[in-house]
Amino acid sequence: MGRLDFSTTESARLLLLAVFGVLALSVVLAEQEGENLSGLSNNPDKAIFAVRENGTTCLMVEFAVRFLVPYDVLALNGIDLITEQAAFTLPRGAEIEGTCGSTESEIQISWKNNAYTLRIYFSKLREKDIEVWKISKVQFVYDSSETSHFINAYNPGKHTASTHHLSALVTPAGQSYVCAAQQTLTLISSDHQKGITVSMYDVQIQPFDIASDFMFSEAYKCITDQRERLEETLPLILSFILALIIVITVVVYHFHLKLTAVQPVLPRDRSMYKNM
């Protein structure tokens, strides 16, 4: 009887191992890969990156990014430290990795042999009974010993800068976020809490619910672009309204003149026609 119990327990254990093996295999089979599509853009500053799962696009990012990174250098007296600024852009030839999920997605962009890595985290949730997605975190890892941007850096090494409690680019689910205007984020670095500025412009991003391969869904324009477009069209609208008012005024005045013009008085007695 004890032998039977042992075999039953062992069988159950083997069954569980088989189930976990199948689940692990399904995760591996859901292969996710990054693709650099920057060559499709005519803008030399703009990069296009995509993450694909099982041959289907699940995340796309198209933007230009500028970084402004403060770092310390030794002053000429060899004692004091002064702060310099490293300014550079995201290169089009960067390497891409990423993961896609139903409510959490991430893209990782690296260049210069991993001296620089930009990670953008996305989440999908419900806000005020509306399903939206947003950028929930941005992290930037940089190596100040990389001398093409950091010249004579004091105590060089790798540092990590991150946002805190971020909720950016909030967009209705199933749509892509579009914004030509500059979007600026401030990240706090592990290098003495220095503030790193990450500026994105000419942006189109969609981390969830991409319906067609390599194709963004319906665009959701940022408020800044909507305001700028209104500022551009408002003078035209006002000019049209003014011209319409002038035309209406001229027409009304014309009819007024016709209605109020002095008409010749004709005699009522027909016998008077003979004397005319």
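Taking label points 7 Å from Cα along the Cα-to-Cβ direction, residue 68 and residue 125 give a separation of 3.0 nm.
The slack between residue 54 and residue 241, meaning 0.36 nm per residue of separation minus the straight C-alpha distance, is 61.8 nm.
Please report Rg over Rh for region 103-216, where both radii come from the alpha carbon positions and Rh follows the Kirkwood definition.
When Rh is taken as the Kirkwood radius, the ratio is 1.03.
For region 72-189, with all protein chains in place and a probe radius of 1.4 Å, 48% of the accessible heavy-atom surface sits on carbon or sulfur. Close amide H pairs (under 5 Å, H built 1.01 Å from N) link residue 57 with 214, residues at least 5 positions away or on another chain.
Annotation for residue 151 and residue 75: the two label points, set 7 Å from Cα along the Cα-Cβ direction, are 2.0 nm apart. Per the Cα gyration tensor, region 52-153 maps to an equivalent ellipsoid with semi-axes of 35, 17, 10 Å, ordered largest to smallest.
Spin-label model, residue 215/residue 190: points 7 Å from Cα along the beta carbon direction are separated by 4.3 nm.
The values are calculated or read from the model by the stated rules, or taken from the named source; none is laboratory data. Given the structure is predicted, the values throughout are model-derived calculations rather than measurements. Glycine gets a Cβ as well: all are built from the backbone with ideal geometry, and neighbour counts include every protein chain shown. SASA here: full protein model, heavy atoms, side chains in, ligands and nucleic acids out. Shrake-Rupley method; radii C 1.70, N 1.55, O 1.52, S 1.80 Å.
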